[in-house]
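Asks: Okay, here's the structure, questions in a sec.
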Amino acid sequence: MNRILKLIAIVLVLTMLTLPVLGEMGNGMMGKDKISDDMMRGKAKEMRESGSDLREKEGMMGMGFMHREGNNFGRYVTFSVNNTTGDVINYGILGLTVFDSIKVSRFDLKDIKSMGAVTRITNKDGSIVIQLHDNPAAVINIMSKAKAEVVFDLSEGINATKEENIVKIESGNFTAYIASGNATSVNIAGGKITIDTDKGLTIFRATPVNMPLEEMDRGFMGEIMKNRAGAEVSVGDFDKSSIVNYSEDTDVLIRSMEKNRMRMMINSSGHSGKFFMMNIDNSSLVWNERQKLRLYLDNKPMRQVMSEQELYGTNESSFWLTMMGKNRMQAMMYISNFSERQVDLVIEDEVTPTATPEVTIITATTTPKTPGFDVALGILCTIAVYRLRKRI
């Protein structure tokens, strides 16, 4: 009987060590990011497949666009540009065609330039600039210095609804938003989203495909509309980065990246508080379950809040974060006032409580476990070990 109990305990422990965390694979990505194979369709699917081959042959890794004959192939985003009208065509995210086209009225194309993780389309008088970013949030900013009409032609299977002044876009488990701070009208009809804007910024932003936290992203779009969003920083494989400015008076620079620290310099000519989003999905900042990530503002620890809702309501420099796997993290911080500020993201060791003689602590994996999944298994294992000790 003792041998049977010992065998049960050993099997349970080995099971805990070998089972993967629910929903995660390999490097902590959600399968093939968030968009499944059955959602990939249309021209974007073809472009993603051919673009992946081209990027691999050229040795291009991580975020950043490869430009070929009017086509742009990124790690997350693919699209084409009409070299006469400047229209964006077949805009896709991870093989999902989101827009058949994006058109801006009275757009007289000057040039198309790709540099790193951003493609910039400019008209001749500089009054309209379209910027498309290859990052997990697939951000598009359309900046207009004059009145303009922006039309997003939805692809088949993509649905749009209006929530106050924000448009929500959905398809399966994909969610995105469009907001325009100075929109005079927003209409959804005939599979098209038409936004009339009197100067200002129109933003398209997806819930990051590797960080599916929809409620937080809906709130962040609201802060963009209030002109309280400063920038978004994404760091991916091979230390490739994307920085998106949501405010003209804000600049962000990644000063250094190490295994346990990332340093950013943030400057703003405005004095009001700003929100900053950070998506880290790479092999640079790496942590395990016994470590935590802390943010420092000008070498002083920032206050950490317990929810994104609490952060939106604060007047004090603070941050909120979620760590999803050993190298995936999404954080948002609020900086209440400005000159030039230094922000450090630092991986630190947590103090591990001393185990009592009656308890055996087994570290199954360096990836945080899914709550609820292994609780019952752990209790069962503990009962088996307890009975074993009692009988020995």
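The values are calculated or read from the model by the stated rules, or taken from the named source; none is laboratory data. The structure presented is a predicted model; accordingly, all values stated were derived computationally and were not measured. Note that we place each Cβ from the backbone using ideal geometry, even for glycine, and neighbour counts take in every protein chain shown.
Asks: Looking only at residues in the range 154-170 that are surrounded by fewer than 20 Cβ atoms within 10 Å (Cβ to Cβ) and assigned to a strand (DSSP E or B), which one is modelled with the lowest pLDDT?
Replies: Glu163
Asks: Being in contact with a helix residue (DSSP H, G or I) (Cβ under 8 Å, 6 or more places away or on another chain) and hydrophobic (A, V, I, L, M, F, W, C) is the filter; apply it to the range 229-269 and report the residue that is modelled with the lowest pLDDT.
Replies: Checked the range 229-269; the qualifying residue modelled with the lowest pLDDT is Met257.
Asks: Okay, moving on. Got at least one residue in the range 47-58 being charged (D, E, K, R) and within 20 Å of the chain's Cα centre (by Cα)?
Replies: Yes; the residues of the range 47-58 include at least one that is charged (D, E, K, R) and within 20 Å of the chain's Cα centre (by Cα).
Asks: Any residue that is in a loop (DSSP other than H, G, I, E, B) and closer than 23 Å to Leu253 by Cα - is there at least one of those in the range 288-295?
Replies: Looking for residues that are in a loop (DSSP other than H, G, I, E, B) and closer than 23 Å to Leu253 by Cα, one finds none in the range 288-295, hence no.
Asks: Going by the structure shown, is Ser318 closer than 20 Å to Asn227 by Cα and in contact with a helix residue (DSSP H, G or I) (Cβ under 8 Å, 6 or more places away or on another chain)?
Replies: In short, yes.
Asks: Is it the case that Ser234 is in contact with a Pro (Cβ under 8 Å, 6 or more places away or on another chain) and part of a strand (DSSP E or B)?
Replies: Yes: the conditions hold for Ser234.
Asks: To continue, here is another question. Considering only the range 161-175, I want to know if a residue exists there that is under 23 Å from Glu58 (Cβ atoms) and basic (Lys, Arg).
Replies: No - not one qualifying residue is present in the range 161-175.
Asks: So, one more: Take residues that are buried (at least 20 other Cβ atoms within 10 Å of the Cβ) and either among the aromatic types (Phe, Trp, Tyr) or in the same structural domain as Ser234 (by TED's automatic domain parsing) (or both) and tell me which of the strands (runs of 3 or more DSSP E) falling wholly in the range 57-142 contain 1 or more.
Replies: 71-73, 77-81, 88-93, 96-104
Asks: Within the range 284-295, restricting attention to residues that are surrounded by fewer than 16 Cβ atoms within 10 Å (Cβ to Cβ) and closer than 16 Å to Met257 by Cα, which residue is modelled with the lowest pLDDT?
Replies: Applying the filter and picking the extreme gives Val286.
Asks: So which residues in the range 246-260 are part of a strand (DSSP E or B) and surrounded by 16 or more Cβ atoms within 10 Å (Cβ to Cβ), if there are any at all?
Replies: Correct list: Thr250, Asp251, Val252, Met257.
Asks: What number of residues within the range 181-205 satisfy the criterion of being assigned to a strand (DSSP E or B) and touching a residue at least 40 places away in the same chain (Cβ under 8 Å)?
Replies: Of the residues in the range 181-205, 14 are assigned to a strand (DSSP E or B) and touching a residue at least 40 places away in the same chain (Cβ under 8 Å).
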